[in-house]
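Asks: Before I ask anything, here is the structure I am working with.
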Amino acid sequence: MTVLKSVSALGVVGALGGVLTAALAVPAVSGAGLTAKSLAATFTDLPPAPREEPLSQVTRLLDRHGEVFAQFYTANRTEVPLAGVAPVMRQAIVAIEDARFYEHGGLDVKGTLRALITNSQAGGIRQGGSSLTQQLVKNILVENAQSEVERDRARAPSMARKITELRYALALEEKYRKDEILERYLNIAYFGAGAYGVEAAARRFFSTSSARLTLAQAATLAGAVRSPYANDPALGRKQQARLKARRDLVLDRMAALGMVTAPQAAAAKGAKLGIKLAPQPGGCAQSPYPFYCVYVQRELLSSPVFGNTPAERQRRMARGGLTIRTALDPRAQRAAERAISAEVRPEDTEVAAEAMVEPGNGRIRAMAASKRFGNNPGNRKNGPNTTFNLAADVMHGGGQGFQAGSTFKAFTLATALQQGWRFGQGFQTPGALVPSSGYRDCRGNAVNDRGARVYNASGEGKGGPHSLETGTWQSVNIFYMMLEEKVGLCNVVRTAQALGVGRADGTALREVPTFTLGVNEMDPVTVAASFAAFGARGRYCKPQAILEISGGSGGDGGRTAVPPSCEQALDRRVADAVNHVLSGVFSKGTMKGQSIGRPAAGKTGTNNGYTSAWFAGYTPDLAAAVSVGDIRGSYRYPLRGVQIGDEYYGSVQGASLPGPIWVRSMESALRDVRSHGFVYPDMSRFGGGFTPGLKEAQAAERKAGRDRKARHQRVRWNRGGNHRKPNKVRWKRRHR
């Protein structure tokens, strides 16, 4: 039936209704600002169909395997085509809401006349006579509202609003086919329990899809639409009882209309309501991987790629219906979480954080922290929870970071090798150093510090002759301060910057003599990405969490891949040489005795005064960085004489806590990954260096070690013990 036929039918019914209909209907429309004379024009001179904004939908974050781990939404909705909705659901909604839907032209004359009589007698809106098309109009106006005032106006129980709905409904009938109107209605309607649209309702109420709804389930959802708040099954048993009554009413109506047989309706009525409320968590706090979620969320909100303004980006994320595939690897994520939780408790004020990045593409595989994500009870400042993304920088929800310590020596090492230094090449070092000359920043300014005196960290080397290898393996501060002066402070800074190094707070790097000792505050994502470049033979890639974006409001279904952003930041052969030296950290250096059972390289980082501790390491397949510091402030609360987890530490060094976390997490994350080795360095370019006095010093050290061991053996035998018993006692204490 066309719109004009509907209007004509209204006139016929009005005539048949005689004086009574005229007496009731004319005052009603007059109250809406219309006269009987203008009534015909009202329904023939129609406005354009209402403007339809894209419906707000759920934005979902997927891990690398396509599994959802977080979602954002203003309205929990997923649009589906009508063909994707079970036929029985389409029948149920038509049966209870608008049985003559396929017969009228947007205006159900009989239902409207009945409602006009009832409402006129009551002096206001008491009965609905709206067709599905009219209900669609109402939902469109509410969805388009930009304020509460506009929303209230769209819902107002007034005759003026009803007349407006009628006119728009007639216009929609001219614009769309019936099935198109039904599809739009099923996607926009609110069903209760926070579910907008039939797909979200099917998943929320019954943990199924709209395509698989049974007769009883479809009748339940159709019955919920009229009063979604009063019949909300999530609110309790009373609401569920009311919903069951509505379901049975729908089934009776379907049987009366011949959509189902009486036995089918009776069987469905005899079934339990069967509500299986599926949780629909929203936001990062309810994600199993909240820190990774925060990183992606901040990436979306800060990048102009996703909108010109923060408000536009926020709206797109919350309403856009995007599907965002990320680089998150659940296995690596769990490995990092378990390694941290084995060593550090959420209640500790000392915090550990780890990030894992894939060399060669920058994909962030994991982000973990020792604290749980969220506010502390009573909004206390310190506790087991935090809202800071401890593995990331400020831009991605993190804090100020911790000084990276001796991990920065890797950038000085790379600079020296780039300038032609060779393995074995080195020089004599004193027991202390005052950086009084030779240091200039990248603006050419002298940044010497005559008032500073630098010493080697306890247990990490001493004065004497050192080469590139021994100075790195023993992490000798003075050697690296002198090496930095020889190769140029600015050159070291530029190497670091080329490898993506930037302060966690986003401010400029501090270009000072102690730059090589890691005085800049960093975050694990940035450090892991920079070390990943060594594993990728000098190819640096910006950390990447988002791999692909698809979908969006309007159902355009487009896919946009986000390619890695990479560049060859370091000569490949130089990177091979760096890997060769840093591999020795495990076999001959500060991480000796700790291994992941495959080729690996890395660098410990212990800061002056033990304000923080780091370990950054990598294989050709995966890089990771672990930081440890006190969340209350690393300078006020250094890592000395502290109880962390089940262990007491006189001082926390890079190899004593961050190192074991790194080893445990990398072993697990790489368990099913084939082992790959580093490319052997070009010895014609990097071999043949010489350090005066180094061989003699090493020989003397070996002799001193043998003498100490012999004395120790004599003491034990003289006491009547044997060499096995003390080892067994130490093992028990360590693993108790």
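The values are calculated or read from the model by the stated rules, or taken from the named source; none is laboratory data. Predicted model, so just to flag it, every value in this text is computed and none were measured. Positions of Cβ are backbone-derived with ideal geometry, glycine not excepted, and every protein chain shown enters the neighbour counts. Only protein heavy atoms, including side chains, enter the accessible area calculation; ligands, DNA and RNA are left aside. Shrake-Rupley method; radii C 1.70, N 1.55, O 1.52, S 1.80 Å.
Asks: Assuming R0 = 30 Å, can you tell me the calculated FRET efficiency for the pair Ser595 and Asp682, based on Cβ-Cβ distance, to the nearest 0.05?
Replies: Details: r = 26 Å, r/R0 = 0.87.
So the FRET efficiency works out to roughly 0.70.
Asks: To continue, here is another question. Divide by every residue of the chain the summed helix terms, -39500 (n - 2.57) for each DSSP H run of at least 4, and state the resulting mean residue ellipticity at 222 nm, rounded to the nearest 500 deg cm²/dmol.
Replies: Details: 25 runs with 312 residues, N = 736.
My calculation for the chain gives -13500 deg cm²/dmol from helical runs alone.
Asks: Between the stretch 671-699 and the stretch 241-320, how far is it from one alpha carbon centroid to the other, in angstrom?
Replies: Each part reduced to its Cα centre gives a spacing of 59 Å.
Asks: Lys138 accessible area, nearest 10 Å², 1.4 Å probe?
Replies: 70 Å²
Asks: If you average the alpha carbon positions of the stretch 602-656 and of the stretch 174-234, how far apart do those two centres end up, in angstrom?
Replies: With the stretch 602-656 and the stretch 174-234 each reduced to a Cα centre, they are spaced 54 Å.
Asks: If I model a spin label at Gln568 and Thr261 as a point 7 Å from the Cα along the Cα→Cβ vector, what separation in nanometres do I get?
Replies: 7.6 nm
Asks: For the stretch 338-394 and the stretch 448-511, write down the distance between their C-alpha centroids in whole Å.
Replies: Centre-to-centre distance over Cα atoms comes out at 28 Å.
Asks: Quick check for me: using +1 on Lys/Arg Cβ and -1 on Asp/Glu Cβ, what's the dipole size of the stretch 460-610 about its Cα centre, in debye to the nearest 20?
Replies: Details: 15 positive and 13 negative charges, 92 e Å.
Magnitude of the dipole: close to 440 debye.
Asks: Sticking with this one: Tell me the trypsin sites (Lys or Arg not before Pro) within the stretch 168-237 that lie in a loop according to DSSP and have at most 12 other beta-carbon atoms within 10 Å.
Replies: Working: sites: Lys175, Arg177, Lys178, Arg184, Arg203, Arg204, Arg212, Arg226, Arg237; in loops: Arg177, Arg226.
Listed in order of number, the matching sites are Arg177.
Asks: Considering only protein heavy atoms and a 1.4 Å probe, what is the carbon-and-sulfur percentage of the accessible area of the chain?
Replies: Within the chain, the accessible surface is 51 percent carbon and sulfur.
Asks: Could you give the size of the charge dipole of the stretch 283-333 about its Cα centre, using +1 on the Cβ of each K and R and -1 on the Cβ of each D and E, expressed in debye and rounded to the nearest 20?
Replies: Working: 7 positive and 3 negative charges, 26 e Å.
Magnitude of the dipole: close to 120 debye.
Asks: Could you calculate the FRET efficiency of Ser550 with Ser341 from 1/(1 + (r/R0)^6), where r is the beta carbon distance between them and R0 is 25 Å, rounded to 0.05? Walk me through the intermediate numbers first.
Replies: Values: r = 34 Å, r/R0 = 1.37.
For R0 = 25 Å, the calculated efficiency reads 0.15.
Asks: In whole percent, what relative contact order does the chain give with Cα contacts below 8 Å and a gap of six or more residues?
Replies: About 13 percent, as a whole number.
Asks: Oh, and also: What do you get for Rg/Rh over the stretch 216-375 if you use C-alpha atoms and the Kirkwood form of Rh? Intermediate values should be presented prior to the final figure.
Replies: Details: Rg = 24.0 Å, Rh = 20.2 Å.
Rg divided by Rh gives 1.19.
Asks: Suppose every Lys and Arg Cβ carries +1 and every Asp and Glu Cβ carries -1, with no other charges. What dipole size does the chain come out with about its Cα centre, to the nearest 20 debye?
Replies: Values: 98 positive and 60 negative charges, 607 e Å.
Approximately 2920 debye in magnitude.
Asks: Still on this model: Heads up, I need the accessible area for Thr429: 1.4 angstrom probe, whole protein in place, Å², nearest 10.
Replies: Probe radius 1.4 Å; accessible area of Thr429 about 10 Å².
Asks: Where in the chain is the longest stretch that carries no chymotrypsin sites (Phe, Trp or Tyr not before Pro) classed as loop by DSSP and with at most 13 other Cβ atoms within 10 Å? Provide the component values of the computation, followed by the final result.
Replies: Values: sites that count: Tyr102, Tyr229, Tyr635, Phe690.
Within the chain, the longest run free of exposed chymotrypsin sites (Phe, Trp or Tyr not before Pro) spans 230-634.
Asks: So which of Lys542/Lys603; Lys409/Lys709; Lys381/Lys409; Lys486/Lys695; Lys175/Lys276; Lys371/Lys542 end up more than 30 Å apart by C-alpha? Mind showing how you got there, number by number?
Replies: Numbers: Lys542/Lys603 21 Å; Lys409/Lys709 32 Å; Lys381/Lys409 35 Å; Lys486/Lys695 23 Å; Lys175/Lys276 38 Å; Lys371/Lys542 26 Å.
Beyond 30 Å: Lys409/Lys709; Lys381/Lys409; Lys175/Lys276.
Asks: If each residue of separation counts as 0.36 nm, what is the full-extension length gain between Ser207 and Arg100 once their alpha-carbon separation is subtracted? Mind showing how you got there, number by number?
Replies: On the way: separation 107, 0.36 × 107 = 38.52 nm, distance 3.11 nm.
Stretched out fully, the Ser207 to Arg100 stretch lengthens by 35.4 nm.
Asks: Using r as the Cβ-Cβ distance of Met395 and Ser227, and R0 as 60 Å, what FRET efficiency do you calculate, to the nearest 0.05?
Replies: After rounding to 0.05, the efficiency reads 0.85.
Asks: What's the local net charge at Phe534, with K and R +1, D and E -1, over the other residues with C-beta under 15 Å away?
Replies: Values: positive: Lys409, Arg537, Arg539, Arg572, Arg573, Lys603; negative: Glu358, Glu567, Asp571, Asp576, Asp621.
Its environment carries a net charge of +1.
Asks: Counting DSSP beta bridges with both partners in the chain, what percentage is antiparallel, nearest 5?
Replies: Details: 56 of 64 bridges.
Approximately 90 percent, going by the DSSP bridge assignments.
Asks: For the chain, with every protein chain kept in place, what is the accessible area per residue (1.4 Å probe, Å²)? Don't jump to the answer; show the numbers that get you there.
Replies: Numbers: 33090 Å² over 736 residues.
For the chain, the solvent-accessible area averages 45 Å² per residue.
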